[in-house]
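Report on one structure; see the data block that follows.
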Amino acid sequence: MIIAKRNNDDQKYLKFCEADVQKLSDIVKYKKLDLLHQHFEGMENLVKVLGAHSENGITDDAENIRQRRTIFGSNTYQKPPPKGIYFFILEAFKDLIILVLLVAATLALAFGIKQHGLKEGWYEGGSIFVAVFLVVVVSAGSNYRQSRQFQKLSKVTNNIKVEVLRNGRRQQISIFDIVVGDVASLKIGDQIPADGPFLNGHSLHVDESSMTGESDHVEIGAEKNPFLLSGAKVANGYGNMLVTSVGMHTGWGAMMSTITRDSDERTPLQERLDRLTTYIGKIGLTVAFLVLLVLLVRYFTGNTQDDLGNKEYNGGKTKSDDIINSMIRIFAAAITIVVVAIPEGLPLAVTLTLAYSMKRMMADQAMVRKLSACETMGSATTICTDKTGTLTLNQMQVTRFWLGEEVIVDYTASKIAPGIQRLLCQGVGLNTTGSVYQSASGTMPEFSGSPTEKTILSWAVSELGMSTEELKHDFSILHVEAFNSEKKRSGVLIKKAHENTTTHVHWKGAAEMILGTCSKYYDSSGDMTSMDQDKMKRFEQIIQDMAADSLRCIAFAHKVIPDEELKYKEDGKTLQSLKDDNLTLLGLVGIKDPCRPGVEGAVRACQDAGVHIKMITGDNVFTARAIAIECGILKDDQALNSGVVVEGVEFRNYTEDERMDKVENIRVMARSSPFHKLLMVQCLKKKGHVVAVTGDGTNDAPALKEADIGLSMGIQGTEVAKESSDIVILDDNFASVATMVSWGRCVYNNIQKFIQFQLTVNVAALVINFIAAVSAGKVPLTAVQLLWVNLIMDTLGALALATERPTKELMKAKPIGRTAPLISNVMWRNLMAQAIYQISVLLILQFKGKSIFKVNEKVKDILIFNSFVLCQIFNEFNARKLEKRNVFEGILKNRLFLGIIAFTLILQVVMVEFLKKFADTTNLNVVQWFTCIGIAAVSWPIGWFVKYIPVPDTPIFSLLQRKRKKASTEDDAC
């Protein structure tokens, strides 16, 4: 027998039957209503068997929760084991060039040992082995870290909050903390957290497409289909469910246990970089082939010399082992040129940048669900934002109440007729998806639900003396019409308990919507007065005045319906439609929701960055205009301009040409529905804008999916909205949206910095080795040395440049746009200046180094290698700023960059001075070291001076194409 604590007054432990976990799972999973009655004799008995209470839930003591988790399992599912470091090492070894290098290293090792013995013969082959292994391990380590980052983000993404009833109190807990017996509260947009039957609620429809693939919404009812499946989404209505299966015992858990989150998602930028890498790789292969051809020709024609100055190849006199060793050396040199030429570090730089940025974005209150959003956000030209909770604090308070034509300040019974007070309490307490919990200790009541619902409930309890317990006892709810984003109102049909004479309809919603359905109104004394044309205009003016004061206006209306006027279904239930005409206005409340501190600065920052801000809200025109002015979206003079503030219906009624013509000018769209928001996003995209959209409701899902970047709200956002979005704003704050724009630009900017840095190395290395091979028959940089340069470029360089934080300058530039080239004219100018300098200096060292420094061939080659590496280290500073001349600005704040530079310098000293056999180097004296540093340091003034050279805004290749077209046009004309 299982012991569980039941949530009742005497708090006694009751014994209940051992529930078969598999039977509970099968009943819901396969929707077996007959088995529910057969095994548990209906819902009421099942609730008792699980030691729960349909209205109060279970007890919240630790022992009870522990027992339930032990017996029925936890609400988690088993995942395939994450990929370890060895998987990524093996993946790295699958690279074709790495495999070719390993073959070359093996042959060099074998023939080296055969020719020179084990003591000295392993140096060349062993060095290549070690260098390749270092490159592989560092690359695999970076990918492994990124994989771990995705796992952490996945845990945060899946950890959604769920409302449950425990000890009679509605509270939010993690979905992982749900246990069998819990009574979970569901509303529109929620994800169903576990399997279980429906207990109570109204108009509940769920979307089970994630489980069944069927797009049609399923109606849930206590009699025909009471089964709710984990992973489904609530599409309409609200209700409570009893949790009977969790975790691996649910169909969702079994399915998700076989799925791993794909961390190999390719972003648009990564795909563009892959194409760039392929193109540069083809150039590298061509150069490597030419070098191979030249070296082979020079070797077999006797134009190459060994370390002693003798000809390497003397026809038939040369031993076969020497020929094979020379062939391996030449082949390895050519392959290594390919390794350096192919910028494999570009995709790695993107990976590092995105992984780092995602981690920092989490600290800045944004959780990235789709990698591509990181970079796309930097291209955003327009942000369509919600008002409530995003621009405002979502800390609402009723500040004004109109009863008839009188503002009520004193809420005592003498000012409000008792009958009106009772009707208001009914309209607030029964027409709501929120709830009130009053503890036995008599402390302040706790309110749950949406911010608007909690605000109105709090007002009714404190000012009108409403008691939700009494209302639930005195009235039964016959039918509910849930809040509709088109009609912007909700309604409830109620009847007094044990009475069959009359029913009451209560409506609540946007003031002007409710007002349009009213033909009468109550005054403070309780008298009903006809709503003539003058009175209607008077109430419209009241609503406008409240809206102009930035108040959100909610109206309550009521109607008594005789029982004979109600229509019934065959089962005796009322038809699913409520009377919404000839209503009587009960009252108007004005809700104040202050703007968030700092939102005006965030809006201005986006506008300064060339990003247009459009506010799309369900509030009326006057409220929307007032809030937009307060937030800085509208200037006072703009607010009066025609076409700047429109209503959603007005926008929809435009012709397509009118919409396309006017959409740019619109700053505020009021009284909008999700369809209007979607229509605006589509128009903006057709105009060429990169559009970001914020949304928190289920109905926002189409606009969030349609937008280039969907931004859902982490606090008030529904699970459907989050599922449809690319980024979740954890604090619902527009300032965080502005921060995301800054991070998006930072990602793109960091990758451009690395492209400039790496292509400088690629160009310099290719040209130097090619010219040296053609002229001297020997490349100055050995395979191991080039692999070391590759390691500096691909990994350490990417890590140094990919971790720069956003700067203020980024938010002063124009949006990047959809078609901006990866390599801008500024980058071409910078990298060509540095590459030309490096090529010039290193070729002088190649041909005149021995005579200038009075050194032998070996020392000259090391001077070239050392100068080349130091040039890249110094050029990393230049790459930090693409356009600014002061490349040292903010350098002390980036300790990681300074640490990597210091680490690289130390490793270079070790390579030259201590790893002579491994790296084929020799010692350099102090003068030679300072000479190399001096050569490298010249890149700083070059970088400073070259930024004075102006470049056209139009991409250089576009200019060349225009010139070609112009020339061809002139030829045709001739």
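For the set PHE853, PHE675, PHE874, PHE914, the ranking by accessible area, highest first and with no ligand, DNA or RNA atoms included, is PHE914, PHE675, PHE853, PHE874 under a 1.4 Å probe. Among the trypsin sites (Lys or Arg not before Pro) found in the stretch 862-930, those both in a DSSP coil and sparsely packed, with 15 or fewer other Cβ atoms within 10 Å of their Cβ, are LYS884, ARG885. At a probe size of 1.4 Å, how large is the accessible area of ILE949, to the nearest 10 Å²? Accessible area of ILE949: about 90 Å². List every residue whose amide H lies under 5 Å from the amide H of TYR238, counting only residues 5 or more places away in sequence or on a different chain, with H placed 1.01 Å from N in the peptide plane. Here HIS202, LEU204 satisfy the definition. Relative to the first principal axis of the alpha-carbon coordinates of the chain, what is the inclination of helix 734-776, with its axis defined by its Cα atoms, in degrees from 0 to 90 and to the nearest 10? For helix 734-776, the angle is close to 20 degrees. Overall, the accessible surface of the chain at a probe of 1.4 angstrom is composed of carbon and sulfur to the extent of 55 percent.
Shown in residue order for the stretch 444-457 are the 3J(HN,Hα) couplings computed by the Karplus curve 6.51 cos²θ - 1.76 cosθ + 1.60 at θ = phi - 60°: 4, x, 9, 10, 10, x, 5, x, 5, 4, 5, 5, 5, 4 Hz (x for Gly and Pro).
When SER357, SER519 are compared by accessible area at a 1.4 angstrom probe, the order from most to least is SER519, SER357. The residues of the chain have, on average, 44 Å² of accessible surface per residue, using a 1.4 Å probe with all protein chains present. Please work out which option in (1) 30.0; (2) 33.2; (3) 34.4 gives Kirkwood radius over Cα pairs in Å calculated from these coordinates, and answer with its label. So the calculated entry is the one marked (2).
Using a probe of 1.4 Å on the protein chains alone, the accessible area found for ARG538 is around 90 Å².
Distances between placed amide hydrogens fall under 5 Å for GLY587 paired with PHE556, all partners being 5 or more residues away or on another chain.
Beta bridges from DSSP with both residues in the chain: antiparallel share about 80 percent, rounded to the nearest 5. Against the criterion of solvent-accessible heavy-atom surface with a 1.4 angstrom probe, MET466, MET43 sort, most first, into MET43, MET466. Here the sum of -39500 (n - 2.57) over DSSP H runs of 4 or more residues, divided by the residues of the chain, equals -15500 deg cm²/dmol at 222 nm, to the nearest 500.
Number of Lys-Lys pairs in the stretch 344-500 under 20 Å by Cα, sequence gap 8 or more or different chains? Lysine pair count for the stretch 344-500: 8.
Relative to the longest principal axis of the Cα atoms of the chain, the long axis of helix 123-158 makes an angle of roughly 10 degrees.
Measure up LYS29/LYS83; LYS686/LYS814; LYS83/LYS753 against 23 Å on the Cα-Cα distance and list the ones that go over. The partial results should precede the final answer.
Working: LYS29/LYS83 32 Å; LYS686/LYS814 20 Å; LYS83/LYS753 31 Å.
Beyond 23 Å: LYS29/LYS83; LYS83/LYS753.
The solvent-accessible area of TRP402, taken with every protein chain present and a 1.4 Å probe, is close to 40 Å².
Of all lysines in the structure, those lying under 17 Å Cα to Cα from LYS79, and not within fewer than 8 positions of it along the same chain, are LYS152, LYS155. Please give the charge dipole size of the chain, origin at the Cα centre, charges +1 on K and R Cβ atoms and -1 on D and E Cβ atoms. Round to the nearest 20 debye. Dipole size: approximately 4180 debye. Across the stretch 273-336, C-alpha contacts under 8 Å between residues 6 or more apart give a mean separation that, scaled by the residue count, equals a relative contact order of 31 percent.
The values are calculated or read from the model by the stated rules, or taken from the named source; none is laboratory data. Since the structure is predicted, the reported quantities are computational estimates derived from the model, not experimental observations. Positions of Cβ are generated from backbone atoms using ideal geometry, with glycine treated the same way; all protein chains shown enter the neighbour counts. For accessibility, only protein heavy atoms count, side chains too; no ligands or nucleic acids. Shrake-Rupley method; radii C 1.70, N 1.55, O 1.52, S 1.80 Å.
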